[in-house]
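What follows is one structure encoded as structure tokens, with my remarks underneath.
The values are calculated or read from the model by the stated rules, or taken from the named source; none is laboratory data. Keep in mind it's a predicted model, so treat the numbers as computed, not measured. Note: ideal-geometry Cβ built from the backbone for every residue, glycine included; neighbour counts use all protein chains shown.
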Amino acid sequence: MLFIIIALLILFVAGFYASVHILQWFVDYLAIRYTVNVATLSPLEAVMNIMQLTLLLVLMVCLPILVFVFISYIRPALYLHERRLLIYVPLSLLLGALGALFGWYLSVEIFIPYFDGFSRLLQLQNMWSLNYLTSFVIMDLFIFFLVFQIPLIVTVLHSLGFLQTKNMVSLRKIVVLLSVVLGAVVTPPDVISQLIVAAPLYVLFELSIQYCRFKDSRQARRSVKKRRARAR
């Protein structure tokens, strides 16, 4: 127990140190690229943002460890087909990381420049709140962390028998529509930005279909081999 507490304290101190430098880099990056002054609206705003980012970094480091411990704990009680699903846990973390990177790209390269354009149009001086700015970026990271779990959710539902490949194929048009709607909701009102969001969402779903088809064909081949072996 003492070892865990010491390890968490070391992680917290390292995360705090990293958070200060990350936020400083972020502020300098915005100042250079958009000629903006990032301000705090209260004495506690800066330290609260540093603490929030520190906790987020600590969670990111601890999450894989917690997942590993949880899997090790429940694995002996699972059936064989249930144990096979555990391989999707590290895949979920990888997809979430890719989603967070995608959310970062959208926030910094598309959303912020678009909204900044209105300030320039009205010839307003840019002075952004650190709290609102970090909340905006972190929200995008979290949204796309979840969105990029689509292939995993579809694959697990298929593996458990709740979703058939033929049903997924019939859902293509609906997924296209939902992808476009989500792209229109979370992006500025221009076609290119909407497609940048909608296209990856549909591609993720299409990859899920193709993977499930591959699993079905592999399972069918195994069944044929078993029947032939029994016939002999």
- Message: Kindly evaluate Gly183 against the criterion of being of a type outside the set (A, V, I, L, M, F, W, C) and surrounded by fewer than 15 Cβ atoms within 10 Å (Cβ to Cβ).
- Response: no
Note on Ala14: of the conditions (1) touching a Pro at 6+ places or on another chain (Cβ under 9 Å); (2) at pLDDT 75 or above, unmet is (1)
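Checking the condition under 25 Å from Leu98 (Cβ atoms), hydroxyl-bearing (Ser, Thr, Tyr) and at pLDDT below 80, which residue from Ser159, Ser223 passes?
Ser159
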So for the range 36-51 (the condition being surrounded by fewer than 13 Cβ atoms within 10 Å (Cβ to Cβ), part of a helix (DSSP H, G or I) and modelled with pLDDT under 80), does at least one residue qualify? no
The condition of being modelled with pLDDT under 75, on the phi < 0 side of the Ramachandran plot and under 18 Å from the mean Cα position of the chain (by Cα) holds, among Tyr105, Tyr88, only for Tyr88
Inside the range 30-50, the number of residues satisfying the requirement of being free of Cβ contacts under 8 Å to residues at least 24 places away in the same chain and hydroxyl-bearing (Ser, Thr, Tyr) is 1
Would you confirm whether or not the range 140-147 contains a residue that is within 30 Å of Pro43 (Cα to Cα) and not hydrophobic (A, V, I, L, M, F, W, C)? yes
